[in-house]
Every structure is written in structure tokens, then in C-alpha cells.
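Encoded as C-alpha cells, the structure appears first; notes follow it.
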Amino acid sequence: MTGQMPEEVTQRIKQAAEIIAASHPVIALTGAGMSVESGIPDFRGKNGLWSRYDPGLYATIDAFLADPVKVWEMLREMDDLVMKAKPNPAHINLGILEKKGFLQHIITQNIDNLHQAGGASNVIEYHGNCSTLSCLSCTRQYSMADKRHEHLPECDCGKILKPNIVFFGEGLPEDTLNLSFELASKARVLLVIGTSAQVSPANTIPAVASRNNAAIIEINKEKTWLTEQLTDIFLEGDAGDIMSGLVEEIVKADA
Ligand code: NAD
Ligand code: ZN
């Protein structure tokens, strides 16, 4: 799997694998880049969903409150993509790492359920999940599966429902914040995968881990601000290829 990679990246994968195999606990922070190979575009890509729906105009709580019908146009398309998406080798290999005991927790900014579909169990969904909906008026909860047939999902009380994802401008549940920072402060290794680390407060997790002497291993298609400032080992490439190579080497390093 690592055969087609530049020798430099292959060497760094081996180095990262040795560190992961010898460290505990290891956690991962993942972002939209993780699911690009599953067909869900990230925010930075120039094509797809986000070129038609500016996240600044469609993914904010103010936009939803002002015009839920408009925001549901975007949510419908996003739901179609998420429904069709299957876990890719990056999700599957993280699941394998967890099962083999090399990875303790995943903190994901994604709302697509693909970590769980890829076999991981200890997943903190930092920005929620799009498979359930709630009513902002009466707090009733629904599953998206039961409401998908409705063009505009409505509560029994008549209000338009909101998916249980954290929009820009919304706060995060306190227990999610506390648990994530606690895990970051205890981690010996933080694997950062497919995030540009622009969205706060998730983007403060690497600094918390680094301050507590965790090794920061970053897998991204392009350099980010973390690469120069916090990352110890940068593995440049597609998350699927890099994770496949990394898991192969971790198993060897542990043998
Ligand atoms: P982002 O779009 O800001 O950054 C994605 C990062 O992944 C970039 O650094 C990019 O170079 C990298 N990348 C792209 N393809 C990759 C690949 N195949 N392999 C490895 N890296 C790759 O994403 P973000 O930092 O997660 O922030 C976006 C916000 O939007 C998050 O809060 C997230 O909740 C939300 N979002 C979620 C999804 C999803 O659930 N799948 C999709 C889009 C946006
Ligand atoms: Zn209601």
C-alpha cells in the first residue's frame, strides 16, 4: 500500500507507527477531509455542495432561524450525500486500530456517522449527528429515517425540525467539551486527520494535547497552520492511503 508513496512519506509513516504502537492513550481528531473519499465534500474543496451553498449563509443558526425553508434545501442535498456514503479505508482502518487496542477515542467534527459505520465505537460527535432531528419549540425528537419522506420535516406541533448538528453560532454541549479536553490533556498521541483546524473550539484540541506533551501526528492532503506550529510528524496525502499504510506498519511494529 505504501509502495506508491514518496519514500519520505513511507519513512514518516514507519516513524509514526512506532510511536503509536508504543503509546497509550492514543486519540484521533477528525474532520471533513476524512469523508471526502466517501463522496462527501469538505468545506475547502472547490466543487460540490459547498460551491452552491456558502456555509456562511447556510450553516449558521441565524440562517436556520431566519429561513429554515432555505436551509433545508442545503440539508436535503447533504442528507442525500450522507445516505449514499460508505466508510472509506480511513474510517475502516481507524476502526481496526480501535479494535486492536491502539486507539482509545475518536473526536470527530463530522456529522455523517461514517466512523461508526467503519467499525469504531468510541466516537465523540463534536458537532452532533444528522440522523436525528429536534423541535426548537417543544423539544420533541425524531429520527431522520422517519421524516425523510417529508419534503420539509415538521414537528407534530407544526414547527420545522432542525437536525441535531451544531450550526455555526451555536454552543456545544458542556459534557462534550469537557470530555474532549480531558481526553486531549491525557493523550500521549493525537492523530489529526482531514481537518483544516479553522473551526473553533475543536481547533484548540491539538494545542491542549501538545501542551501536555502528546505527539501530534497530522494526516492531511495539504499543510495547515498546525503543520508548522504543533505537528510533530506530517503525513501528506489522502487519508485512505495513509491510514492503510499506517495500520500495516503499526501491526508490524507491535509484532
Ligand atoms: P475543512 O473542509 O475545513 O478541511 C478539510 C481538510 O481536509 C483540509 O485540510 C483538506 O486539505 C483535507 N483533505 C481533503 N481531502 C482529504 C483527503 N482525501 N485526505 C486527507 N485530507 C483531506 O474541514 P473541517 O476542518 O472538518 O471543518 C469543516 C466543518 O464542517 C466541520 O465543523 C465539520 O463539522 C463540517 N463538515 C462536515 C462534513 C462531514 O460530516 N463529512 C463535511 C463538510 C463539513
Ligand atoms: Zn414541536
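Where a number appears in this text, it was derived from the coordinates with a stated rule and is not lab data. Values in this document were obtained by computation on a predicted structure and should not be read as measured data. Note that each Cβ is placed from the backbone with ideal geometry, even for glycine, and that neighbours are counted across all protein chains shown.
Here are a few things to note about the model shown:
- Those residues of the stretch 154-174 which are among the basic types (Lys, Arg) and assigned to a loop (DSSP other than H, G, I, E, B), in sequence order: Lys159
- Candidates Ser210, Ser244, filtered to the one that is among the hydroxyl-bearing types (Ser, Thr, Tyr), farther than 23 Å from Ser35 by Cα and more than 16 Å from ligand 2 (Cβ to nearest atom): Ser210
A quick yes/no check of all residues on (1) of a type in the set (S, T, N, Q); (2) away from ligand 2 (no atom under 16 Å from the Cβ); (3) surrounded by 18 or more Cβ atoms within 10 Å (Cβ to Cβ); (4) in contact (Cβ under 8 Å) with a residue 60 or more places away in the chain:
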residue: Gly95; (1), (2), (3), (4): no, yes, yes, no
residue: Lys100; (1), (2), (3), (4): no, yes, no, yes
residue: Cys135; (1), (2), (3), (4): no, no, yes, no
residue: Asn164; (1), (2), (3), (4): yes, no, yes, no
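- Identity of the residue in the stretch 132-153, in a loop (DSSP other than H, G, I, E, B) and over 16 Å from Glu73 (Cβ atoms), that ends up farthest from ligand 1 (Cβ to nearest atom): Cys138
- If the condition is being buried (at least 22 other Cβ atoms within 10 Å of the Cβ), of a type outside the set (A, V, I, L, M, F, W, C) and assigned to a loop (DSSP other than H, G, I, E, B), then the stretch 110-126 contributes Asn110, Asp112, Gly118, Tyr126.
- Leu177 fulfils the conditions (1) closer than 23 Å to Asn113 by Cβ; (2) part of a loop (DSSP other than H, G, I, E, B); (3) out of contact with any helix residue (DSSP H, G or I) (no Cβ under 8 Å at 6 or more places or on another chain) except for a single criterion, (2).
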